[in-house]
Every structure is written in structure tokens, then in C-alpha cells.
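Novice: The structure's right below; bear with me while I get my questions together.
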Amino acid sequence: MAPTTPASTTAAADALIPAAHPFAAHLARAAQAQQAAPHRAWTPADGPMPALYLSHGAPMLFEMTGWMTELHDWARALPRPRAVLVVSAHWESAPTMVSSSVPADLVYDFGGFAELYYRMRYDTPPATDLARQVVGLLPTAEAVHEHPSRGLDHGAWVPLKIMYPEADVPVLQLSMPTHDPDRLLALGRRLRSLREQGVLVVGSGYMTHGLPYLDWSRPEQVPGWSSDFDDWAADALRRGDVDTLASFRDRAPGMPWAHPTVEHFTPLFVTLGAATDPTAAPTTTVDGYAIGLSKRSFQTA
């Protein structure tokens, strides 16, 4: 579904959001916070930006005030990055590709939601320099292509629109070329140096994603497979046990219900690969559940 009456700018599209909508209130709070204390930009004195693993939700995230506040507070607790590089569950492509370095139309890769979500925009500055850097970091034997018309999918623009609603940070997506943990860890290692230049490296997925197995009549209920998988992953992360995490298909309780397909878990390995020490315990910044799914998110140093 495409926007029926597209607005010309992010601000114009945001102005169409009904005043009673939770996201309108979020935008108002974010604007007040920015006015009271402008978000400080990253400088080299800050050291490397962290790498993040985000449970990103769907457009319904724009209706979850508590979760939006957690994400925005997280962003404000960090320096404003020079740019953001996202590997999202929603772009699986080999050979590896990068999105358009000049902002393109968003990808509305969801169905059945209110029309206002298909009118949203997120017009960030060009990411031309970042695209050049990313291509230079990847193996010369693996050609990296820029998709000239591909914009950000909802695994990127939904959480980032909440975290950085001013749309003043360049954003680039990198496709996920494999689900092999070792290869994704290696990909993250190649991206690690970007953090030293103020780039926020993000793996965007969902800690549990068993949508076919949810009881939609009781959305507040947390299924055992969801809590069991989340507990297992949290324990392995605390212990820095990357090998155990990498064998999640065979060793994680709650499989395969927690991840009937694995693309929402595997961005985690890009995040760990981009960490200075993948075996160091990350800092959990968001936990708990939404519609029965674990929204656990974390940052690595």
C-alpha cells in the first residue's frame, strides 16, 4: 500500500498525525526535550559510538508510549551520531547491497495498518560519504551494489523516527547477505571502525518473533516459548557466550516458535561483531514484552 496523499516533507507528514495519537504526543515531548537541551553531537573525544541491537516492532510501535519513551531516552543518552548504518531483518539480499545514499521513498513493508502509517516520511540528509566508507570496508572480492531507488524499510525508519524524530542524521541501510552467524560476525568486524568516526551501527530485529503462534485474543499474555528464549539469550549475552548464541537453532529453548524464520534474530551477530569485544556483556537498555514478544534491546561498547 502506498501513501494516498503524500506530504512533501517529514514535518508536513508529521503535522497530519491526529493530535490524540500517541506518536503526536511523543513528537511534542521530543521537541520539548530538544528545546530544553539540544542533543549534543558526537565528537572524537567521546570515543567510539556503541553498536546497537534493536527490537524494532511494527507500525504499532507508534502507539506504545512507554516503548517509544525508552527508545528516545536511549538515543538522547548517547551523543547524536554523525550517521547511522542499519542492517535490518527486512532486507535480505546477496550479494550485499546498500540503500540509496540520497533519501528515497520509504518502504512501507507491512499491511493492514491505519492509513496514516503509509503517509509517514523520514527525510534524512544524504549518506553519500557513509556509503563510500561502507563499500570500502567490505571485501574487494564481494562486489557491493548501491540500490539507486531503495529507501529505508520499517526495520530502520520506524525505530529511528522515534529515536531521532528531527530526521537530522544521515541513515544508510546495508542488506543482510546471509544468516550464518560466523559470516555476520565477520561483517560486523569490518564495520567496527565506523564507530570510531561517530557512526552508530545498528542490527535491527526482534528478540522473539513468533507471530504465527501468538494468541491475538490475549495480546498481554507472554507465551512460554517467548520468555524461555529471551531468558536463554539474556543469560548467554551476560556470559559473553557467542558460540552458544550462534547455535541458537539447536540449543535455544522455544525454538522454532520464537523464530520460525531467523531473520529477526540474526542481525544480533552484526552488532556483536561490531563490538570492541564481542564476548563482553552488553548493556540491556530495553526489556520486557510487547504483544507477547520480547523487545530486549542492548548496546555494546
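Novice: Can you check what the Kirkwood hydrodynamic radius comes to for segment 1-146, Cα pairs only, in Å to one decimal?
Specialist: Computed over Cα pairs of segment 1-146, the Kirkwood hydrodynamic radius comes out at 17.7 Å.
Novice: Here's another thing I want to ask about it. Order 143-151, 124-132, 198-206, 28-36 from most to least packed using the mean count of other Cβ atoms within 10 Å.
Specialist: Those peptides, ordered most packed to least, come out 198-206, 124-132, 143-151, 28-36.
Novice: List residues of segment 186-209, by number, whose backbone nitrogen lies under 14 Å from a label position 7 Å along Cα→C-beta of T261.
Specialist: Taking a point 7 Å out along Cα→Cβ of T261, the residues of segment 186-209 whose backbone N falls under 14 Å are 206, 209.
Novice: Taking every DSSP beta bridge that has both residues in the chain, what percent is antiparallel when rounded to the nearest 5?
Specialist: Here the antiparallel bridges make up roughly 35 percent for the chain.
Novice: Can you give me the accessible area per residue for the chain, using a 1.4 Å probe, in Å²?
Specialist: For the chain, the solvent-accessible area averages 40 Å² per residue.
Novice: Moving on. If each residue of separation counts as 0.36 nm, what is the full-extension length gain between A301 and R239 once their alpha-carbon separation is subtracted?
Specialist: Between A301 and R239, full extension yields 20.8 nm more.
Novice: Here is a further query. Take the solvent-accessible surface of the protein heavy atoms, probe 1.4 Å, and return the percent of it on segment 105-182 that carbon and sulfur atoms account for.
Specialist: After summing per-atom areas, the C and S share lands at 52 percent.
Novice: For S149 and E63, calculate 0.36 nm times their separation in residues minus their Cα-Cα distance, and state this gained length in nm to one decimal.
Specialist: 28.0 nm
Novice: Once you place label points 7 Å from the Cα toward the Cβ at A77 and L211, how far apart are they in nm?
Specialist: 2.9 nm
Novice: Quick one: accessible surface of W216, probe radius 1.4 Å, all protein chains present, in square angstrom to the nearest 10.
Specialist: 140 Å²
Novice: Given labels modelled 7 Å from the Cα in the Cβ direction, how far is it in nm from E92 to Q32?
Specialist: Modelled inter-label distance: 4.3 nm.
Novice: Given a 1.4 Å probe and every protein chain left where it sits, what share in percent of the accessible area of segment 185-239 is carbon and sulfur?
Specialist: C and S fraction of accessible area: 48 percent.
Novice: Working only with C-alpha atoms, what are the Rg and Dmax values of the chain, expressed in angstrom?
Specialist: Considering the chain through its Cα atoms, Rg and Dmax are 18.2, 52 Å.
Novice: To continue, here is another question. Helix-derived [θ] at 222 nm for the chain: sum -39500 (n - 2.57) over DSSP H runs of at least 4, divide by residue count, nearest 500?
Specialist: -10000 deg cm²/dmol
Novice: Ok, one more. What three numbers, in Å, describe the spread of the alpha carbons of segment 4-44 along their principal axes, ordered from the longest?
Specialist: 44, 22, 12
Novice: Between E196 and D109, with labels modelled 7 Å along Cα→Cβ, what's the label distance in nm to one decimal, could you check?
Specialist: Label-label distance for E196 and D109, simple model: 3.2 nm.
The values are calculated or read from the model by the stated rules, or taken from the named source; none is laboratory data. Since this is a predicted model, take the numbers as computed values, not measurements. Reconstructed Cβ throughout: ideal geometry from the backbone, glycine too, with neighbour counts over all protein chains shown. With ligands, DNA and RNA removed, areas are computed over all heavy atoms of the protein, side chains included. Shrake-Rupley method; radii C 1.70, N 1.55, O 1.52, S 1.80 Å.
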